[in-house]
Amino acid sequence: MTSGSGELSGKVALITGGSRGIGRAIALELAGRGAHIAFNYFRNHKAAHEVEEAISALGVRCLRVRAHLGDGDVIDGLFQKVSEEYGRLDILINNAASGVMRPAAELEDRHWDWTLDINAKAPWKCAIAAANLMTDGGTVVNVSSPGSTSVLPDYFVVGVSKAALESLTRYLAVELASKDIAVNAVSASFIKTDAVDAFPEGSIAYEMAQRPTPAGRVVEPGDVARVVAFLCGEDARMIRGQILLVDGGEMLVRR
């Protein structure tokens, strides 16, 4: 699909953490539906260049920005670059995430601050900055995780940050409604990406990413990307403040 032929034709979308994993899949899905893309990345220059080329090959514009979202000043600079390149924004996908995988008793203040700054504070700051560029309304989709409501080993601070992100989703859905900005979240099951590979082999998250769900197969990044794209379209305009779980039914069963 090329620019002008998709349901999001001419829209401008910013995907945080868009160079790898779920973020990459979302960026390519929205580009395939006609949206111009901006994305940030932190460290992996090679992956960022590759996804930039893949997006451009779909016939849409692409802006690649290196930015660490734990720094509020950097967030301001990211949105300034989006404004300079496109003049507006229609879609924000808060996908970037990080975290320290340790039990609560083994965490230090710096681990808490790092995780909450990137996973909760940054989406709040990004949503407010995005709203200032969404002059004709828009869409914000936050990417969460089942660890927001289910307790997983060594997932303490990440789970807390994702619970905060889901609460943030509900509050912003109401506060930004007057600007015709729809805010929702997609809770993505554990998927075999670089992020899940960071879990120790044999951990629950690692095993969940490997085994078939009740739907008969593992969840893939494209499954999540298509749900995100749906939330960005007109058919979803009256969905507000909801958390859509994409897990193939995994969280319904005990194993």
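Of the numbered criteria (1) touching a residue at least 60 places away in the same chain (Cβ under 8 Å); (2) in a helix (DSSP H, G or I); (3) under 16 Å from the mean Cα position of the chain (by Cα), the one Gly159 fails is (1). Each residue in the range 63-74 was checked for being open to solvent by 80 Å² or more (accessible area, probe 1.4 Å) and under 21 Å from Gly21 (Cα atoms), and 1 pass. Entry remark, the range 26-62: residues being outside any helix (DSSP H, G or I), touching a residue at least 24 places away in the same chain (Cβ under 8 Å), open to solvent by 30 Å² or more (accessible area, probe 1.4 Å) and hydrophobic (A, V, I, L, M, F, W, C) number 2 in total. If you go through the range 75-117 and keep only what is out of contact with any strand residue (DSSP E or B) (no Cβ under 8 Å at 6 or more places or on another chain), in contact (Cβ under 8 Å) with a residue 40 or more places away in the chain, in a loop (DSSP other than H, G, I, E, B) and crowded, with 17+ Cβ neighbours inside 10 Å, you end up with Gly99, Met101. Just so you know, in the range 228-242 the residues that are part of a loop (DSSP other than H, G, I, E, B) and of a type in the set (A, V, I, L, M) include one that is most open to solvent (accessible area, probe 1.4 Å), and it is Met238.
Check the range 69-76 and report whether any residue there is under 26 Å from Ile191 (Cα atoms) and out of contact with any Cys (no Cβ under 6 Å at 6 or more places or on another chain). Yes, the range 69-76 contains a residue that is under 26 Å from Ile191 (Cα atoms) and out of contact with any Cys (no Cβ under 6 Å at 6 or more places or on another chain).
State yes or no: is Ala120 part of a helix (DSSP H, G or I) and either touching a His at 6+ places or on another chain (Cβ under 8 Å) or over 30 Å from Lys179 (Cα atoms) (or both)? Criteria not met by Ala120. Which residue, of Ala164, Ala177, is of a type outside the set (S, T, N, Q) and under 29 Å from Leu252 (Cβ atoms)? Of Ala164, Ala177, the one residue that is of a type outside the set (S, T, N, Q) and under 29 Å from Leu252 (Cβ atoms) is Ala164.
The values are calculated or read from the model by the stated rules, or taken from the named source; none is laboratory data. Computed from a predicted model, the values in this text were never measured in an experiment. As a convention, Cβ positions derive from the backbone with ideal geometry for all residues, glycine included, and neighbour counts pool all protein chains shown. Only protein heavy atoms, including side chains, enter the accessible area calculation; ligands, DNA and RNA are left aside. Shrake-Rupley method; radii C 1.70, N 1.55, O 1.52, S 1.80 Å.
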